[in-house]
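Written below as structure tokens is the structure these notes are about.
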Amino acid sequence: MADSGLTRILTAGVGRRILMLFLLAGILPVIFTALLAYNEVGRGLEQEVNQDLRENSKAYGVEILARLSRASDKAEEVIKVFESGGVAAAQGRPYLLDDFEAVWLASESNPNEMIFGVRSSQIDFSTINVAHLNAGNGQLLDTAAAAANDLILLHGANIGEPNQSMFAFRLKPETIWGPKENRPYLTEFCVFSASGTNLFCTVGMDGELHATLAIDRNHQGSSPTEWEIGGEKHFAAMWQLFLDGSYGHPAIDIIASQPRKYSLRSSADFRRIFPPALVLVIIMVGALSLSLIGRSLVPLQRLTIVARQYAAGQLESRVRIRTGDEFEALGDAFNNMAGRLGRQIETLKAMSKIDRLILSGADFEEVSEDVICHLIKLTGFEAAAVIARDTDAPSRAKMISWFEDEFIHERVSLPQELGHEWCQPREVALAEIDGSFAPYKERFLKFGLKYVVLIPVILNDDLKGILLLGSNSSFEMRGGRLQRSIDIAGRLAVALASAEREEALYRQAHFDELTGLPNRQLLKDRLEQQLVHARREKQNGAILFLDLDRFKEINDVFGHSVGDLILAQAAERIVSEVRDTDTVARLGGDEFVIVMPHLTGDNTLRKTATRILARLAEPFSARGTNHFLSASIGIVVFPDDGDSVETLLKNADAAMYRAKDAGRSRFVFFSKKLNAESRRKIELERDLRTAFDADELEVYYQPQFDLSNGIICGAEALMRWRHKEQGQIPPSEFIQLAEDSGLIIAMGRWVVDQTCADLRSVLDMGLHPGSMSINVSTLQLRESSFPGDVLDALQRHNIHPGYLQLEITETTVAQNRDTAIDILNVLREAGVQVAIDDFGTGYSSLSYLQQLPFDLIKIDKSFIDLIGSGGNSENICRTIIKMAHELGKKAIAEGVETKEQAEFLSENGCDCVQGYYYSHALPQDEFLAFVEKQDFHTQRRKALEIV
């Protein structure tokens, strides 16, 4: 290569970098391989050293064991010679004694009877294993003598018997440890007892190494232990020789060590060879690199520069290479790839951001704005817009558009005819704006746009909206930018579906399904906000608690479907009469609440309540029939009438019930007096339960008289409650409490039983008061056990069913018609009489009379009171009496208080009467006396004064 070419390569930054990369590409693998090989060689050497040292220590141990076995055999021969020829014979065979320094007989009584040599060690007889020796084995002892450790081999038999000695052989060190020349080169050995006593060592080796190796005995790895011995690093390994079984001696540890330098001598050779080899590789790689770089430096520099730009995210950069070879093709591929990749990345970023917005629960407007921004950037259109149908108003739509760097939010109207391609496109379409009647026309033309691309936003074949792209010129509806727009439209469809789903879930949790009004939860949230605002701004607001009067009767008679239609109409009427800033909510059933904030006086409040009452008094049309209702409204002003949502609703409810008690179809403002009455109701209900449980209630009887002869023909059982503190509580007050709380079921069961018991007492006295009439509530006629309870009471007190008469109202039956009629049929079949009470005030119709099982009709007191007043009451009474007789039933008038009323009823054929004119309701003992002392003729003359 010429010098100029080499200079160009070395002076160019790209050339230097590529050269360095080439060099590194050649050197790094070599260095890595060398380091890996060096590491593996070193590890392998260490493993090999560890294995060799362990093998050496093991071989040395085996050799020790062999030497010890040989010495033991010689010791046994010495014993045999001694036993046959004595000391002289033993000393006469020196070849048997050449492995021992001394031999003597040892016993506890005479430990020093020498046979050969000089004894230098004392034997600790407590360490002798007698059983081991008696088994014919030798025992090896190690004892400290002077500065050395003596090894003594014991042999003997019958040890422990009187005067029995054993043979002791002190072994020569070279007999056990062997000569130095037999050991491996540069390998040192040390032998330690289990207690750490150094029995033998060829080099100065401290006990700390033995302790370390002993600790790691059960966890020996593949590498030897490194230790410093005599100022030089050594590798050491240990092997354990077990002597307990053969020689009654604990295991001994044999340590073999070698200098580290000697053990790793092979790796030193590798280090000497590696540097020259590395230099040779560098030279070869450098020469090859210079050759290749010299031929392709310029195009490679360009490609490197543009690749760096791409890596920095500058995908709009392009490379220009005109070499006519692969580098030019590579440059073109780079350019095409960068273009496609840039568009794909931008699209993916847009998709990713849209997905994040969807997952984060962003609203439709935020997602749409983001979609429009990305579309403008990705497609190059001048304007864009999103139109989405309003799920609550199908004829309306939301449109979000972008023109000249500004977002515009508006609501547009949709035509009733949905056939227009701009309104329900199923495929991508291109249209001229000027010839369109679409709602976006005005907005697009204002900014000088001529064409619009309509992309349907569809999910699961459901059109969610339309994506609009505006342009000044027509274009081919093909290619990448259109596909990207369609892809983003798919994401927008998911966003719209997600928004619809979130809205549906929110509505389900916060709005009433039937009326679309806020439910109790949303009402509390809004009311809490209004209450806080009213306190902060020192303003007043109001709550109107509305309940439809007699709605339950219509709902039970005509069915829930009719009731639902009426509730929906009522909700629409209420909403139409309040301000846009007011909240109308449905609590459930026929209860509605209106929240009116920002009130400066009660004039607006009164007018609103009056308008609502008037609208609800208009007929409701449901399934071809008009139904008439009214409403009762309770009103509270906040924050004056309560400091919490619960308190305000409770007080408004109390005011609403006061409106019902006052005659319905009116509104009543809450007052402290009403609050006291609410508390009184709660306390009375509690006291009523206590009184019932304590048997403090009583049954009074109001006699009924036959107008044809003046004789008592029956009595009506009436419940009375004398409060311990408040005295007599009116039945109209506590009976309603019992109805509301459900206590009326137990109370009614008790009244039936008590009436039967009292009637039994009257009959046992030989008196015949006629049938006993008992009022029955709506709740009792819903209980399937009610007929059984009545018949059980009659049987328990031995009362004929004909003596019992049950009074029901038309309203009572209407609220639970089918079940009530079934129950009454069961009782009538058993002989119990049924009377329709308060006739003429409820659902008085021939169709009902045909369906109801009954025996008597009771004319309501409200008609009796108006007899003689000149109104229609007299005609009504005549009609009821005549109708009853035509049906084969009896007519009874209640509430008769004057002679004029009694005469009228008698003249018009009424069968029986009851009222204050004849007798008040009497307690049981007074009723007995009344029946017993009655003079029938006198009573008849008093009643009619016509006899």
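With label points built 7 Å along Cα→Cβ from the Cα atoms of LYS524 and SER193, find their separation and express it in nm.
My value for the distance between the label points is 8.7 nm.
Can you tell me which of 209-215, 382-388 comes out highest on packing, and rank the rest after it, using the mean Cβ neighbours within 10 Å?
Numbers: 209-215: 16.4, 382-388: 23.6.
Ranked by mean Cβ neighbours within 10 Å, highest first: 382-388, 209-215.
Could you name the lysines in cross-link range of LYS450, using Cα to Cα under 17 Å and dropping any fewer than eight places away on the same chain?
Those lysines meeting the cut-off are LYS441.
Cross-link candidates for LYS80: which lysines have Cα within less than 25 Å, leaving aside residues fewer than 8 places away along the same chain?
LYS172
Under 20 Å from the Cα of LYS349, which lysines turn up, not counting those fewer than eight places away in the same chain?
Within the straight-line cut-off, LYS349 pairs with LYS377.
Between ILE821 and SER576, what's the calculated FRET efficiency when r is the beta-carbon distance and R0 is 25 Å? Round to 0.05.
So the FRET efficiency works out to roughly 0.05.
Obtain the radius of gyration and the Kirkwood radius of segment 534-670 from its C-alpha atoms and give Rg over Rh. If you can, show how the numbers build up before the last one.
Details: Rg = 15.0 Å, Rh = 15.2 Å.
We get a ratio of 0.99 for segment 534-670.
Using 23 Å as the Cα-Cα cut-off, could you pick out the over-long pairs in LYS552/LYS889; LYS858/LYS882; LYS552/LYS890; LYS861/LYS889; LYS660/LYS861; LYS681/LYS858? Walk me through the numbers before you get to the answer.
Numbers: LYS552/LYS889 30 Å; LYS858/LYS882 13 Å; LYS552/LYS890 30 Å; LYS861/LYS889 19 Å; LYS660/LYS861 21 Å; LYS681/LYS858 31 Å.
Pairs exceeding the cut-off: LYS552/LYS889; LYS552/LYS890; LYS681/LYS858.
How large is the dipole of segment 698-944 about the Cα centre if only Lys and Arg carry +1 and Asp and Glu carry -1, each at its Cβ, rounded to the nearest 20 debye?
On the way: 20 positive and 35 negative charges, 70 e Å.
Charge dipole, segment 698-944, about its Cα centre: 340 debye, nearest 20.
What are the ³J(HN,Hα) values, in whole Hz, obtained from phi via the Karplus relation 6.51 cos²θ - 1.76 cosθ + 1.60 with θ = phi - 60°, for each residue of segment 662-669 in sequence order, with x given for Gly and Pro?
Per residue, the Karplus-derived 3J(HN,Hα) values read 7, x, 6, 6, 7, 10, 9, 7 Hz.
Starting from 0.36 nm per residue, how many nanometres of slack lie between ILE27 and ASP206 once their C-alpha separation is accounted for?
Working: separation 179, 0.36 × 179 = 64.44 nm, distance 4.68 nm.
The span from ILE27 to ASP206 would gain 59.8 nm if fully extended.
Which three extents, in whole angstrom, do the alpha-carbon atoms of segment 698-944 cover along their principal axes, largest first?
That gives 44, 44, 40 Å along the principal axes, largest extent first.
Which value in Å is the Kirkwood Rh of segment 763-810 over different Cα pairs?
Details: mean 1/r = 0.0830 Å⁻¹.
After inverting the mean inverse Cα-Cα distance, the result is 12.1 Å.
What distance in nm lies between label points placed 7 Å from Cα along the C-beta direction at ARG265 and ALA59?
1.6 nm
To the nearest 0.05, how large is the calculated FRET efficiency for ARG322 and ARG501 if R₀ is 60 Å and r is the Cβ-Cβ distance? Don't jump to the answer; show the numbers that get you there.
On the way: r = 57 Å, r/R0 = 0.95.
That pair, ARG322 with ARG501, gives E of 0.60.
Obtain the nm distance between the two label points defined at ALA614 and ALA88 by a simple spin-label model: each point lies 7 Å from its Cα along the Cα-to-C-beta direction.
16.0 nm
All of the numbers you see were taken from the coordinates with simple rules; none came from a lab. Everything numeric in this text was worked out from a predicted model, so none of it was measured. Ideal geometry is used to build each Cβ from the backbone, glycine not excepted, and the neighbour counts take in all protein chains shown.
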